[in-house]
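Here the structure comes first, spelled out in structure tokens, and everything after it is commentary.
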Amino acid sequence: MIDLYYWTTPNGHKVSIFLEEAGLAYRLHPVNIGKGEQFAPDFLKIAPNNRIPAIVDRAPADGGEPVPLFESGAILLYLADKTRRFVPQDLRGRADALQWLFWQMGGLGPMAGQNHHFGAAAPEKIPYAIDRYVRETARLYGVLDKRLADREFVAGDYSIADMASYPWVVPYRKQQQDLDDFPNLKRWFRAIESRPAVQRAYALVDGVNPPNAPQPSAEESNRILYGHGGQAR
């Protein structure tokens, strides 16, 4: 059994996608980051960086004590190794998949995240910052589009490299991107979007954080998420 500490963000969706694809049993523990639940002491014991997602594997492969883990990329790799699924087992294939997993962790996720922040969440609209991250997001979409020109998925077979990148493309409209500008990426995106496990993972939103649920004010969210007017978090 896997305990999944989750909220409805791109990084949260990565792990729910894997668990649904692999058919692993899991318990969902919502962590409402808009309300500051990521700073609860019990959660910080698992995720000291006060970010979701995090997991606790109650049945690790070595038969020992439960394994707590934070950081979405590390979680994906751990689960792939645990199940021996969604990561190539040969040297070259594994290296290929992992370089694209880390590309997402170091590039697509952070840059698209800054795009979201300066375009939608920042209390002050700074044209330079907005333009900077919209352009960098487009550059990274272009890298992915080129990669997908001669293959169905990012690293050959469907893998954790795809699961990591897909949720960061889902909000492409917020990122001021047009999928028609990236035809290979668009074909890949639609293929993943249609997978039943991915649809089940995204259906969790309706139970955890439905669109009509009351939300904290923008001022309160900024204070909690970004430390505006208080301790930096």
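Inside the range 64-103, residues that are of a type in the set (A, V, I, L, M), surrounded by 16 or more Cβ atoms within 10 Å (Cβ to Cβ) and under 15 Å from ALA164 (Cα atoms) make up a count of 9. Could you say whether any residue in the range 48-56 is of a type in the set (S, T, N, Q) and either crowded, with 19+ Cβ neighbours inside 10 Å or on the phi < 0 side of the Ramachandran plot (or both)? Among the residues of the range 48-56, at least one is of a type in the set (S, T, N, Q) and either crowded, with 19+ Cβ neighbours inside 10 Å or on the phi < 0 side of the Ramachandran plot (or both), which makes the answer yes.
Any residue in the range 92-101 that is small (Gly, Ala, Ser) and in contact (Cβ under 8 Å) with a residue 40 or more places away in the chain? Yes, the range 92-101 has at least one match.
When PRO167 is tested against the conditions (1) in the same structural domain as ILE75 (by TED's automatic domain parsing); (2) under 16 Å from the mean Cα position of the chain (by Cα), the lone failure is (1). Pairs are defined by a Cβ separation below 6 Å, a sequence spacing of at least 6 or placement on different chains, a first member in the range 159-171 that is on the phi < 0 side of the Ramachandran plot, and a second member that is part of a helix (DSSP H, G or I) and among the polar types (S, T, N, Q); the pairs so defined are ALA164/GLN104; SER165/GLN104.
Could you say whether any residue in the range 26-36 is closer than 27 Å to ALA129 by Cβ, touching a Ser or Thr at 6+ places or on another chain (Cβ under 6 Å) and surrounded by 13 or more Cβ atoms within 10 Å (Cβ to Cβ)? Among the residues of the range 26-36, at least one is closer than 27 Å to ALA129 by Cβ, touching a Ser or Thr at 6+ places or on another chain (Cβ under 6 Å) and surrounded by 13 or more Cβ atoms within 10 Å (Cβ to Cβ), which makes the answer yes. Here the range 177-195 is the region considered, the condition is being of a type outside the set (D, E, K, R) and either free of Cβ contacts under 8 Å to residues at least 12 places away in the same chain or touching a Ser or Thr at 6+ places or on another chain (Cβ under 7 Å) (or both), and the residue that is nearest to TYR5 (Cα to Cα) is SER194. Going by what's in this entry, would GLY106 be described as surrounded by fewer than 14 Cβ atoms within 10 Å (Cβ to Cβ), under 13 Å from ALA164 (Cβ atoms), out of contact with any strand residue (DSSP E or B) (no Cβ under 7 Å at 6 or more places or on another chain) and modelled with pLDDT of 95 or more? Criteria met by GLY106.
The values are calculated or read from the model by the stated rules, or taken from the named source; none is laboratory data. Not measured: the values here are computed from a predicted model. All Cβ positions, even for glycine, are placed from backbone atoms using ideal geometry, and neighbour counts span all protein chains on display.
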